[in-house]
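Working notes, beginning with the structure itself.
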């Protein structure tokens, strides 16, 4: 078996186990926001945007040119949640997100 066939076989098996890249919807420019822009809008660090995407709090999206980012509606929802959430709600969310990482 050639090296190329071996790699393809390994890749196929990996895909069957559920290792798929993050799926992101393609949206129009007005419904899309880059991750650095989202971080500035929310007043958080860029790495935190990635964590919010991984935990499902921000919806990943691509603009028409294929650039990765998030939807503006998810950023607005996150900003609203942060403004209105109580301390116990924020703590519960932190605890849930931490448990999900394990």
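Taking the centroid of alpha carbons for each part, segment 25-46 and segment 65-102 are 13 Å apart.
Dividing the Cα radius of gyration of segment 24-101 by its Kirkwood radius returns 0.99 for Rg/Rh.
Readers should treat all values here as calculations from the given coordinates under stated rules, not as data from a laboratory. The structure presented is a predicted model; accordingly, all values stated were derived computationally and were not measured.
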